Ligand code: CMP
């Protein structure tokens, strides 16, 4: 059993897609064991994406991620990290497979509708960024 952190990003929440994306997650057999809606500050977005701070897109990414509400989810299931990454599709929507969240909903490489932890080590940092142990109800 594995846990992963999923974010529904501002571009998707703004379009009211959170329900459809959560339905895709549940249809894929992943359990939502924690959920909250919040609006990150610029500093919080910078802290969350600190691993990307040397990238040319860091400033734009963190401005975008603090531009409106997001939904944070903790997902649980066997091989949850890879299964959720498969469900999201490639970072760049032009390379995302049919039926994936990003193929359906992403607007461009930055406004790509969702985020998921990329490894168990990342999930172990990203889940507590948003949720306390008491908030994980699985
Ligand atoms: P995410 O999976 O949240 O990880 C980092 C985010 O940076 C990515 O999704 C995109 O929203 C954003 N991003 C913007 N430009 C790029 C790029 N050129 N390569 C990768 N990620 C990018």
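The values are calculated or read from the model by the stated rules, or taken from the named source; none is laboratory data. It should be emphasised that the depicted structure is a prediction, and the values quoted were computed from it without experimental measurement. Cβ atoms come from the backbone with ideal geometry, glycine included; neighbour counts cover every protein chain shown.
Odds and ends about this structure:
- Residue count, the range 107-121 (criterion: within 21 Å of residue 64 (Cβ to Cβ) and touching a residue at least 60 places away in the same chain (Cβ under 8 Å)): 8
- When residues of the range 100-121 are limited to those that are outside any loop (DSSP other than H, G, I, E, B) and in contact with a strand residue (DSSP E or B) (Cβ under 9 Å, 6 or more places away or on another chain), the one surrounded by the fewest Cβ atoms within 10 Å (Cβ to Cβ): 120
- Residue count for the range 30-83, restricted to those that are in contact (Cβ under 8 Å) with a residue 12 or more places away in the chain, part of a loop (DSSP other than H, G, I, E, B) and near the ligand (Cβ under 10 Å from one of its atoms): 2
- Matching option when the condition is within 16 Å of the ligand (Cβ to nearest atom), part of a loop (DSSP other than H, G, I, E, B) and modelled with pLDDT of 95 or more, among 12, 97: 97
- Selection from the range 91-102 of residues that are farther than 11 Å from residue 116 by Cα and without any contact (Cβ under 8 Å) to a residue 60 or more places away in the chain: 92, 93, 94, 95, 96, 97, 98, 99, 100, 102
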